[in-house]
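Engineer: Got a structure here, written out as structure tokens. Questions coming.
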Amino acid sequence: MSEAFKDHFSGVAAKYADFRPHYPATLFDYLAGLVPKDAVVWDCAAGNGQATLDLAVRMGRVIGTDASREQIAAATPHPKIEYRVAPAEQSGLADTSVSLVTVAQALHWFDLPKFYAEARRVLLPGGVIAVWAYGINQVGGEAINELVQDYYSKVVGPYWPPERALVEDGYRSITFPFAEITPPLFSMEAFWTLEQLLGYFSTWSATNRFIKAKGFNPLIALGAELEKVWGDKNMPRRVEWPLALRVGRK
């Protein structure tokens with residue numbers, strides 16, 4: 001992983017806020033049970049604040065950082081959240097100042113040794129770090145799902161950054177130098193129309209790298225094929241993602 005910040009998402013910050021799926025409430029309930037009720041949390045690589053907001057509902061205070069100024073600008077304000085522009089490896093937080101560090105769908109972009117050192121520095125003794133990622137989605141309807149999997153692996157497959165392999169592996173191969181806790185199993189689901197599903201695909205780094213390389217949007221052809229098998233395109237279909245979670249204590 002490069003030491004330079006790989007910004008795959010600033011250009012789609014508004015879309016990211018609109019079309020990314022939501023993490024299950026049970027995940028945040030579980031994390032809240034691992035730390036004091038008045039815990040200060042560092043949500044690292046907070047993006048548009050998707051996980052940050054759920055943490056704020058359950059914690060004392062949350063500091064959400066992201067290296068992308070555009071993502072932070074698109075984040076939803078909340079009285080218990082302080083948003084900052086900062087890279088994962090240099091948070092600007094004080095030593096031993098937080099009870100929980102969280103990273104949602106972003107650990108694979110970090111310089112891991114530097115980030116882990118930063119997490120250890122800011123965590124209180126016995127503090128918790130939780131990192132998670134979700135893999136390729138499955139969509140209800142066999143013909144629909146086949147088109148989605150083909151788009152993921154073959155159409156834009158060559159344009160995924162190499163770090164994507166770590167997500168596909170469920171973070172199992174990533175070094176995690178903390179006293180590991182075995183968490184419950186979680187999954188994500190949504191009920192989306194065809195437009196919402198295509199909006200989500202438009203936030204993929206691979207989709208945007210394809211457009212930049214080829215000069216046209218592959219979602220136009222995918223949308224036309226999906227319309228043939230979707231039925232009423234305004235009818236929501238179930239979309240599910242596996243959620244990989246690793247948790248540890250300092």
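Engineer: Are any residues in region 152-186 part of a helix (DSSP H, G or I) and either under 30 Å from Leu31 (Cα atoms) or under 20 Å from the mean Cα position of the chain (by Cα) (or both), and if so, which ones?
Structural biologist: Initial filter on region 152-186 (part of a helix (DSSP H, G or I)): 152-155, 157-159, 164-168.
Residues satisfying the conditions are Tyr152, Ser153, Gly157, Tyr159, Arg164, Ala165, Leu166, Val167, Glu168.
Residue by residue, here is whether (1) crowded, with 18+ Cβ neighbours inside 10 Å; (2) touching a helix residue (DSSP H, G or I) at 6+ places or on another chain (Cβ under 9 Å); (3) within 21 Å of Ala32 (Cβ to Cβ) holds:
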site: Gly135; (1), (2), (3): no, yes, no
site: Val139; (1), (2), (3): yes, yes, no
site: Gln149; (1), (2), (3): no, no, no
site: Pro158; (1), (2), (3): no, yes, no
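Engineer: Determine whether region 73-87 contains at least one residue that is touching an Asp or Glu at 6+ places or on another chain (Cβ under 7 Å), open to solvent by less than 60 Å² (accessible area, probe 1.4 Å) and not basic (Lys, Arg). Give the steps one after another, and end with the answer.
Structural biologist: Filtering region 73-87 down to residues touching an Asp or Glu at 6+ places or on another chain (Cβ under 7 Å) leaves 85.
Pick out the ones that are also open to solvent by less than 60 Å² (accessible area, probe 1.4 Å) and you get none.
Looking for residues that are touching an Asp or Glu at 6+ places or on another chain (Cβ under 7 Å), open to solvent by less than 60 Å² (accessible area, probe 1.4 Å) and not basic (Lys, Arg), one finds none in region 73-87, hence no.
Engineer: Out of Gly223, Gly215, I need the residue that is open to solvent by less than 40 Å² (accessible area, probe 1.4 Å) and out of contact with any Phe, Trp or Tyr (no Cβ under 6 Å at 6 or more places or on another chain). Which one?
Structural biologist: Details: Gly215 fails: open to solvent by less than 40 Å² (accessible area, probe 1.4 Å).
Step by step, each of Gly223, Gly215 is checked, and only Gly223 is open to solvent by less than 40 Å² (accessible area, probe 1.4 Å) and out of contact with any Phe, Trp or Tyr (no Cβ under 6 Å at 6 or more places or on another chain).
Engineer: When you go through (1) in a loop (DSSP other than H, G, I, E, B); (2) open to solvent by 10 Å² or more (accessible area, probe 1.4 Å); (3) at pLDDT 95 or above; (4) within 24 Å of Val167 (Cβ to Cβ) one by one for Ser91, which number turns out not to apply?
Structural biologist: (2)
Engineer: What are the pairs, 6+ residues apart or on separate chains, where a residue within region 114-137 that is farther than 17 Å from Pro183 by Cα has its Cβ under 8 Å from a residue that is open to solvent by 30 Å² or more (accessible area, probe 1.4 Å) and assigned to a strand (DSSP E or B)?
Structural biologist: Every condition considered, the pairs that remain are Gly135/Pro242; Asn137/Glu240.
Engineer: Quick one: which of Ser173, Ser187 is more than 16 Å from Arg20 (Cα to Cα), modelled with pLDDT under 95, hydroxyl-bearing (Ser, Thr, Tyr) and open to solvent by 30 Å² or more (accessible area, probe 1.4 Å)?
Structural biologist: Values: Ser187 fails: more than 16 Å from Arg20 (Cα to Cα).
Checking each option against the conditions leaves just Ser173.
Engineer: Something else now. Is it the case that Ala117 is modelled with pLDDT under 95, exposed (fewer than 14 other Cβ atoms within 10 Å of the Cβ) and either among the acidic types (Asp, Glu) or over 15 Å from Glu225 (Cα atoms) (or both)? Break it down stepwise before answering.
Structural biologist: Working: modelled with pLDDT under 95: no; exposed (fewer than 14 other Cβ atoms within 10 Å of the Cβ): yes; either among the acidic types (Asp, Glu) or over 15 Å from Glu225 (Cα atoms) (or both): yes.
The answer is no for Ala117.
Engineer: Going by the structure shown, is Val122 open to solvent by less than 20 Å² (accessible area, probe 1.4 Å), in contact with a helix residue (DSSP H, G or I) (Cβ under 6 Å, 6 or more places away or on another chain) and modelled with pLDDT of 95 or more?
Structural biologist: Answer is no for this residue.
Engineer: Please verify whether Gln105 is under 19 Å from the mean Cα position of the chain (by Cα), of a type outside the set (D, E, K, R), open to solvent by less than 30 Å² (accessible area, probe 1.4 Å) and at positive phi, treating the condition exactly as stated. Break it down stepwise before answering.
Structural biologist: Details: under 19 Å from the mean Cα position of the chain (by Cα): yes; of a type outside the set (D, E, K, R): yes; open to solvent by less than 30 Å² (accessible area, probe 1.4 Å): yes; at positive phi: yes.
Yes; evaluated as a whole, the condition is true for this residue.
Engineer: Would a scan of region 192-209 turn up a residue that is over 30 Å from Ala119 (Cβ atoms), open to solvent by 30 Å² or more (accessible area, probe 1.4 Å), outside any loop (DSSP other than H, G, I, E, B) and free of Cβ contacts under 8 Å to residues at least 12 places away in the same chain? Don't jump to the end; show me each part of the working.
Structural biologist: Pass one, region 192-209, residues over 30 Å from Ala119 (Cβ atoms): 192-199, 201-202, 207.
Retained after the next criterion (residues that are open to solvent by 30 Å² or more (accessible area, probe 1.4 Å)): 195-196, 198.
Retained after the next criterion (residues that are outside any loop (DSSP other than H, G, I, E, B)): 195-196, 198.
Right, trim to free of Cβ contacts under 8 Å to residues at least 12 places away in the same chain and you get none.
For region 192-209, residues over 30 Å from Ala119 (Cβ atoms), open to solvent by 30 Å² or more (accessible area, probe 1.4 Å), outside any loop (DSSP other than H, G, I, E, B) and free of Cβ contacts under 8 Å to residues at least 12 places away in the same chain: absent.
Engineer: Please determine, by comparing only the residues of region 41-66 that are free of Cβ contacts under 8 Å to residues at least 60 places away in the same chain and in a strand (DSSP E or B), which one is farthest from the chain's Cα centre (by Cα). Reasoning before the result, please.
Structural biologist: If we filter region 41-66 for residues that are free of Cβ contacts under 8 Å to residues at least 60 places away in the same chain, which is where we start, we get 46-66.
Next cut, in a strand (DSSP E or B) only: 61-66.
Values: Arg61: 20, Val62: 17, Ile63: 17, Gly64: 13, Thr65: 13, Asp66: 12 Å.
Here the residue is Arg61.
The values are calculated or read from the model by the stated rules, or taken from the named source; none is laboratory data. Just so it is clear, the structure is predicted and the values come from calculations on it, not from any experiment. Cβ atoms come from the backbone with ideal geometry, glycine included; neighbour counts cover every protein chain shown. The accessibility values were calculated without ligands, DNA or RNA, using every heavy atom of the protein model including side chains. Shrake-Rupley method; radii C 1.70, N 1.55, O 1.52, S 1.80 Å.
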